[in-house]
Amino acid sequence: MNNVIIIDDAEDVALCAVEALAASFHVRFCSGNSLYETGCGKSVYIWRTDVLHSLGAEDCIIVLGENVNAIPSFLPQSALIIANALNKEQMETLSHRKNNVIACGNLVMDTVSYTSITDEEITVCLGRAVVLPDGTEIQPFEKPVQKSSDDRIYPVLAASALRIALGDSSFYLR
């Protein structure tokens, strides 16, 4: 899975993801009429869109923006979905789907959450073991992640979940 679709009318989740992934991946980022490349390593393609009207890729990762409520019904069951656990509409809709979901929020039961937050960093926590599509099992861990003063929590958690889902071992191995 190296195709990532971010459904969001804002760019903060996408920009946070591109910045985080560029440390370990060659990122091609398309948003609107712009294409941007950065980083080196295995290629990852990120598309940001306000609304997804169709999808031709079977194996992909879908990242839902913090406030997105309209989740396309045509998403393939093989798609991994990263969602905001604090968005009740997202969680309700996803509870009726068979996709694997990584819920990002502030509760212990969320897959990706945080244990502490300061002005400089958020300590991201993977709350339970996750098995990647290639069979790799990632055990629970905590990792401090740098943030700028204007970063909200969800974009950092979603970008961290994306690093885990893409198998960025530099993120979860010590």
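Summary of computed values
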quantity	calculated
Around residue 78: net Lys/Arg minus Asp/Glu count, Cβ-Cβ under 14 Å	-1
Cα gyration tensor shape for the range 1-64, rounded if a/c is under 1.5, else prolate or oblate	oblate
Mean Cβ count within 10 Å, highest first, over the residues of peptides 65-78, 20-33	20-33, 65-78
Farthest toward positive dipole pole in the chain [+1 Lys/Arg, -1 Asp/Glu at C-beta], among 158, 33, 173	173
Highest to lowest packing among 2-9, 113-120, scored as the average C-beta count within 10 Å	2-9, 113-120
Normalised per residue, the volume of the convex hull around the Cα set of the range 61-122 (Å³)	90
Charge context of residue 167, other residues only, Cβ under 12 angstrom, K/R +1, D/E -1	-1
DSSP-defined beta bridges in the range 79-174 - what % are antiparallel, rounded to 5	70
Rg over Rh, two decimals, the range 9-109 (C-alpha only, Kirkwood Rh)	0.96
Overall form of the range 75-174 per C-alpha gyration tensor (a/c, 1.5; a/b vs b/c)	oblate
Label selected from (i) 49, 41, 25; (ii) 55, 34, 28; (iii) 38, 35, 35, the criterion being Cα extents along the principal axes in Å as computed here	(iii)
Candidate residues 86, 80: accessible-area rank, largest first, probe 1.4 Å	86, 80
DSSP bridge pairs, the chain: antiparallel proportion in percent, nearest 5	40
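The values are calculated or read from the model by the stated rules, or taken from the named source; none is laboratory data. All figures in this text were calculated on a predicted structure; none of them were measured in a lab. Cβ sites come from the backbone with ideal geometry, for glycine too, and all protein chains shown count toward neighbours. In case anyone asks, the SASA skips ligands and DNA or RNA and just uses the protein heavy atoms, side chains included. Shrake-Rupley method; radii C 1.70, N 1.55, O 1.52, S 1.80 Å.
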